[in-house]
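One structure is given below, encoded as structure tokens.
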Amino acid sequence: AQSVSQHNHHVILSEAASLELGCNYSYGGTVNLFWYVQYPGQHLQLLLKYFSGDPLVKGIKGFEAEFIKSKFSFNLRKPSVQWSDTAEYFCAVLSYNTDKLIFGTGTRLQVFP
Amino acid sequence: DGGITQSPKYLFRKEGQNVTLSCEQNLNHDAMYWYRQDPGQGLRLIYYSQIVNDFQKGDIAEGYSVSREKKESFPLTVTSAQKNPTAFYLCASSISSTDRVNYEQYFGPGTRLTVT
């Protein structure tokens, strides 16, 4: 069965620290990859997505993610986090042989001033 | 102002009662989805519908039922057969997944259901 793994369940950082959240998926075929973010009390919203082309994808609020096909990974990065980045982050995969978006278990990020 | 609305935001029910959660979208999306979110488990797909009058079971459909009589609406009924119904329920919609370039799911604000 297809699956998505987010190994960091809870990350605590100070403002200005760099962030990298891991995401690995199990499907070997063509995929679309997504990172969603859920700020406290707000809707789940799209941070960035990969469809094809440049494996380095830039999203909103200074986030970026790199698709490494050989490692089945799509890690999320931000060079310098802010307190306002405190949220839960979800990686998701849409495979070409299903129409279902498979989500990881999420990573809770807390940023302290 | 386009988007997805879910009502109510909080819902309380007694065990043994069926309850229906509302989801409406005005984005003109063909596809709609219901997810359940539990702490540490991410989002799990309950049901999805790619077109009016058609829907498919997701990964955890047992104890739930849906209907899709209108493009804009995709209500979810949590039946008394659902063993652990207390959770946060999210509705989403999207364009057809055949358009991979533009595909993304848009989410509503969620309904928190508590069953005692």
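On the basis of the beta-carbon distance and an R0 of 30 Å, B:ASN28 and A:ILE60 show a calculated FRET efficiency of 0.80.
With neighbour counts taken as other beta-carbon atoms within 10 Å, the residues B:VAL78, A:VAL37 rank, fewest first, as A:VAL37, B:VAL78.
Here A:LYS69 is the anchor, and the lysines within straight C-alpha reach of less than 29 Å, apart from those fewer than 8 places off in the same chain, are A:LYS49, A:LYS58, A:LYS61, A:LYS78, A:LYS100. The Cys residues in the protein assembly as shown all have a partner Cys Cβ at less than 4.7 Å from their Cβ. Among rounded, prolate and oblate, which fits segment A:28-113 when a ≥ b ≥ c are the square roots of the eigenvalues of its C-alpha gyration tensor, a/c under 1.5 means rounded, and a/b larger than b/c means prolate? Since a/c reaches 1.5 and a/b is larger than b/c, the shape of segment A:28-113 is classed as prolate.
Based on Cα contacts under 8 Å between residues 6+ apart, segment A:1-88 shows a relative contact order of 33 percent.
Our summary gives chain B a relative contact order of 34 percent, counting only alpha carbon pairs under 8 angstrom and 6 or more residues apart.
Projecting the Cα atoms of B:GLN6, B:GLN105, B:SER49 onto the dipole axis of chain B, where Lys and Arg carry +1 and Asp and Glu carry -1 at the beta carbon, places B:GLN6 farthest toward the positive end. Here, the protein assembly as shown yields an orientationally averaged convex hull projection of 12.7 nm² when only Cα atoms define the hull. Footprinting exposure proxy ranking of A:TRP83, B:TRP34, fewest other C-beta atoms within 10 angstrom first, gives A:TRP83, B:TRP34.
Just so you know, all these numbers are worked out from the coordinates, no wet-lab data involved. These figures come from a predicted structure and were not determined experimentally. All Cβ positions, even for glycine, are placed from backbone atoms using ideal geometry, and neighbour counts span all protein chains on display.
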